[in-house]
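Single-structure report; data block below.
The values are calculated or read from the model by the stated rules, or taken from the named source; none is laboratory data. None of the values given here were measured: they were computed from a predicted structure. Reconstructed Cβ throughout: ideal geometry from the backbone, glycine too, with neighbour counts over all protein chains shown. Keep in mind that these areas ignore ligands, DNA and RNA; they rest on the heavy atoms of the full protein, side chains included. Shrake-Rupley method; radii C 1.70, N 1.55, O 1.52, S 1.80 Å.
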Amino acid sequence: MASGTKASANGKPPRQNPGPACQQCRIRKLRCDRQTPCAGCIDSGVPCHTDSTPPQRGPKRGHLKVLRSRIAALEQRMGEQDPGAGLFTPAASESHFNMDENEAQDSTAPPPPPSVSTEPSPPAEVVALPDMDVMGLQMAVPPSLAPCNFISGQNYLGSAGLQIPPLTRADLDQLFFDRANTFLPIVQQYRYFQRSRMAAATASHVCLQSAMWTMAAALSSQFHHLRDALYHSTLDKLGHCPAEDDASRLEHAQAWILIAVYEFMQAPFERAWISSGRAIRLVQLMRLNEVDKVSDLALDSDTFVKKEEKRRIFWMAFCLDRCTCVLEGLPLTLNEQEVSTRLPSSEEAFQSGAAVTMPFLSEVVTATDPSLFSPFAESVIFTTLWGRGFLHQRQSAAEYAFCNASRDFCDRQLWLDDIITRRIQKLQQDYVAASAKVDAMLLYASMIAQTTVLLLCKAAEAIPPTTPSNHDLVSKYQRRAPAAAKEIVRLSQYLPHFSFFKVHPFTPIPLFLCRQFLLLLSSQEDTMADDLSIVTEALLELKGVNGLCQSRLDIDFSDVEIPDFQESPEMMDFFGNYMTA
């Protein structure tokens, strides 16, 4: 009536007749003239029927409450299996929105509705839950919402393996190349995705894929609860998958390298050392130390990528061998003198397939005018020099024990010192200071370089007293050791520029060795005490994501009294023994 009054006042006819539209016009979404019968029904030849009862809008009373209750019950069941399982429900934090007062009183533990069983879920690959009938719609629960025990991972072991949704797989793949690939650059992205999209992936590729997902889950808070299940599944796959040809052995070596690094971060050292040994044996079996024994300069893109991947697998295993053995004072496995594999190229060349020719390690080490290479290659070079310093120290200790001091000791010492000094100067000149703030591999290489200086300073104790200028040499190294430790402290202050998940997993090694040195000197100088607190704080921050520094932070020498560092050979011996133990 209001619209009719308004129309008559304006002198214009109304846009539509009063009353509801007929049912046929509603269904066909046509404008109804609201006559009985209407013109549309007359033209269509169908009966015209008008329902004068207004339709009810929205859900029925109580249906939204039932839906919220069932969602909360599902989240509760997932939470009972694993506190981190809320990953699969992005709205987990909003599950109690707009609750009634009686629901909000006990929102932490809502009772499950009768349609959701509280019995333990069967250990099937995909756990079936009852469908939800809400507002008359049949809503099937997606498989990814099924409650799973991700902590132990036992429910997922078996012939079929983990049941991971495709989108989660894609996320884990991307996480690996975004985070883990910065310090484990052993997988070529294009070749990996090409093999992953094959209709029937090989068993060895499935092992590599599972190892990559394990590493990616360990470097993600979103998928962190998946890491244990993926880890056990990967070990199960590697144990049941034979490596019968070079292609499968390569993927097995890649998988074992990834598993070894994961175990360094998440498991006891002994387990990681055994896994790295498996990777090293596979590398030796495939003779990856002789990839470039026969020179082949004319390489197409595909051949270059295949050979470069072999080089990177070898050098990563080589670095694993050095880091594990030097840290624990164990004999080295891979012999540097038998390496005829070129250094790894830049990451851009590897991923794009642009063939480049890199020099051999022996050529780089003996070059009088050093050239600068990619951060990965620089980390290989400094890790090699660190291993050489370790062998030099062990050789001098053996000579001293058998009273057979070698005349070549000083020559080796000065030769190593000259190589390390020149490479550190080149690294600091060509890479600007800001580069270490954005490249975790470069930061790690810079720390290992200074750790090698610390090792040489310890080895200087064995300089024979009959050597000319003995006192000057020893004094020189005793001054260089605190300077090298301070440089590691300075570099450690760059760690806040990185996410915890992007820090090189072996970064705690130089920090730990530097900390042990500072613990012996902190009682003498206040500046050393300040540096000690900085390094200790850096290790404590990494402790939550990297198990490599957890057990080693418990050792503390802060109560040791050192009257004079330069006049206390006993404490220097103690320091040196611990540096190599």
Does GLU378 meet the test of being surrounded by fewer than 18 Cβ atoms within 10 Å (Cβ to Cβ), of a type in the set (Asp, Glu) and within 17 Å of ILE186 (Cβ to Cβ)? no
Given the conditions (1) buried (at least 19 other Cβ atoms within 10 Å of the Cβ); (2) in a loop (DSSP other than H, G, I, E, B); (3) at pLDDT below 65, which single one is not true for GLN566? (1)
What pairs can you find where one residue is in the range 418-430 and within 11 Å of ALA449 (Cα to Cα), the other is surrounded by 14 or more Cβ atoms within 10 Å (Cβ to Cβ) and of a type in the set (Gly, Ala, Ser), and their Cβ atoms are less than 6 Å apart, with a gap of 6+ or different chains? ILE424/ALA449
Please determine, by comparing only the residues of the range 236-265 that are among the small types (Gly, Ala, Ser) and crowded, with 24+ Cβ neighbours inside 10 Å, which one is farthest from LYS307 (Cα to Cα). ALA260
Mind listing just one residue for me: the one in the range 287-338 that is in a loop (DSSP other than H, G, I, E, B) and open to solvent by less than 30 Å² (accessible area, probe 1.4 Å) and, of those, farthest from ILE274 (Cα to Cα)? ASP292
If I go through the range 497-554 residue by residue, how many of them are crowded, with 24+ Cβ neighbours inside 10 Å and either modelled with pLDDT under 85 or on the phi > 0 side of the Ramachandran plot (or both)? 1
Filter the range 207-245 down to the residues that are under 30 Å from ARG287 (Cβ atoms) and out of contact with any helix residue (DSSP H, G or I) (no Cβ under 6 Å at 6 or more places or on another chain) and list them by number. GLN209, LEU235, ASP236, GLY239, HIS240, PRO242, GLU244, ASP245
I need the full set of residues from the range 453-488 which are touching a Phe, Trp or Tyr at 6+ places or on another chain (Cβ under 8 Å), at pLDDT below 85 and surrounded by 19 or more Cβ atoms within 10 Å (Cβ to Cβ), in order please. LYS458, ALA460, ALA462, ILE463
